[in-house]
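Everything on this sheet refers to the single structure shown next.
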Amino acid sequence: MAEIKLEHITKRFGDVVAVDDINLEVHDQEFVVFLGPSGCGKTTTLRAIAGLEHPDEGDIFIDGKRVNALSPADRDIAFVFQFYALYPHLTVYDNIAFPLKAVKASKSEIQERVREVATILQIQEMLDRKPSHLSGGEMQRVALGRAMVRRPKAFLMDEPMSNLDAKLRVDMRTELKRLQHRLGATTIFVTHDQVEAMSMADRIVIMHQGSLQQIGTPHEVYNQPQTVFVAQFMGSPSMNLIDGTIQVQAALNPDATGGGQPALHLNHTDIRIELSAEQISRIGQSDEIIFGVRPEHIVVSQEPIEKGFTATVHLVEALGSVNIIDIFLGENSETGDIVLLRARTHPAFRPDVGQSVWFDFDAKQVHLFDRHTEQVIA
Ligand code: ATP
């Protein structure tokens, strides 16, 4: 199969920088997902790899060979858009055979390859049907078969499941991942659906405004976000992100013991969080911080928690398998904005709105970002 390498790829459309200096190596047989909000440059990057867009700067390599000047057909890569794009007047057999007929393959070779692909995709029984007599999932498999039959070096897939209903999407996710393993096919898959990305990717490439924010395994991008954007984008409900300021405790309370140990004050609240020596050393000079903690890493209780915090419940959302509890931390008196902390709890935990609760953070699971650079610091 294939290794794909991008070096300093930039693509502009007039004043819009669609892709901004992207560097990336996709390994042989790897399943990489491009993830990001609409307009972040996912499709443009994919089209550049396919040869459908020409980058203004940078080089693209497939298996070590620079392919900038090669036409899409000569790159030996299959581009799969939405799986529905079938020829309605042709049978399933002829739809799959189409790319081989186009290159004038022999009849016996076409027959052999179509049967092979149909067996892998389990659509042998449907070869004589027209697309109008197929379900959405079956049509999707036929379109995939049409891409596979050429035995390309790699597959590029642009939101291929966006037309499917939610249940079928979940089924196809599993099926596609299994198929990719079986074929050992290098695959780049574009989506803006984080669950799709988390469930299928070996590595996720998170993009924002044309730039690459982070590359990592699903576990890494979820648990060790390198930027505020990634922290906020991954997870539902998203990570709590609260502005904070580093303060020396002795200055706040001259009677306090501990001789000037810095702590993080969450702005517009009474919450002060003690920091570990390691966190303090990493923070260095910056004192304007964004504090981040995921809803599932907050412990909430109706009983006092030693060294914990107390505040009132603002809202309770019962979602069946979990509850989301909004805890009121304070209010910005200038803007009127309230500062809330969203915690995920067991469904049996149902405090009343306005009730006082105790809470604490899992110290190993808090994230600190520099407010100016929006990069992680600890
Ligand atoms: P989506 O998820 O909505 O498909 P995307 O992340 O794939 O978005 P791109 O389609 O790559 O984003 O677009 C990146 C930026 O480039 C956007 O601002 C888009 O408007 C712009 N763009 C893309 N193609 C063109 C074009 N042919 N002409 C002008 N601008 C374009």
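No value in this document is a laboratory result; all are computed from the given coordinates. Note that the structure is a prediction, hence the values are computed from the model and not measured. Here the Cβ positions follow ideal geometry from the backbone for every residue, glycine too, while neighbour counts run over all protein chains shown.
Between Ala69, Ala18, Ala143, the Gaussian network model of the chain with springs among Cα atoms under 10 angstrom shows the greatest mean-square fluctuation at Ala69.
Dividing the radius of gyration of the alpha carbons in the chain by their Kirkwood radius gives 1.09 for Rg/Rh. In the chain the longest region clear of GluC sites (Glu not before Pro) that are loop-assigned by DSSP and have at most 10 other C-beta atoms within 10 Å covers 1-305.
For a test of the definition: using alpha carbon positions, the gyration tensor, and the 1.5 limit on a/c, classify region 153-278 as rounded, prolate or oblate. Prolate shape, in that a/c is at least 1.5 and a/b is the bigger ratio.
The length gained on full extension between Arg129 and Ser106, counted as 0.36 nm times the residue separation minus their Cα-Cα distance, comes to 6.0 nm.
Once the Cα atoms are used to define both axes, helix 166-183 deviates from the longest principal axis of the chain by about 70 degrees. In the chain, once you exclude exposed trypsin sites (Lys or Arg not before Pro) (DSSP loop, at most 12 other Cβ within 10 angstrom), what's the longest stretch remaining? Counting at most 12 other Cβ atoms within 10 Å as exposed, the longest clean stretch of the chain is 105-306.
Counting only other residues whose beta carbon sits under 14 Å from that of Thr44, what net charge do I get with K and R as +1, D and E as -1? Once positives and negatives cancel, what remains is -3. Helix 136-148 and the longest principal axis of the C-alpha atoms of the chain enclose an angle of approximately 70°. Would you tally the net charge around Val17, using a Cβ to Cβ cut-off of less than 12 Å, leaving Val17 out, and scoring K and R as +1, D and E as -1? Once positives and negatives cancel, what remains is -3. At a Förster distance of 30 Å, what's the computed FRET efficiency of Phe81 paired with Asn223, Cβ-Cβ distance as r, to 0.05? It comes to 0.35.
When the chain is treated as a GNM with alpha-carbon contacts under 10 Å, the residue of Gly51, Gly284, Gly235 showing the greatest mean-square fluctuation is Gly284. In terms of its C-alpha gyration tensor, region 310-378 has an oblate overall shape, because the principal axis ratio a/c (a ≥ b ≥ c, square roots of the eigenvalues) is not below 1.5 and a/b does not outweigh b/c.
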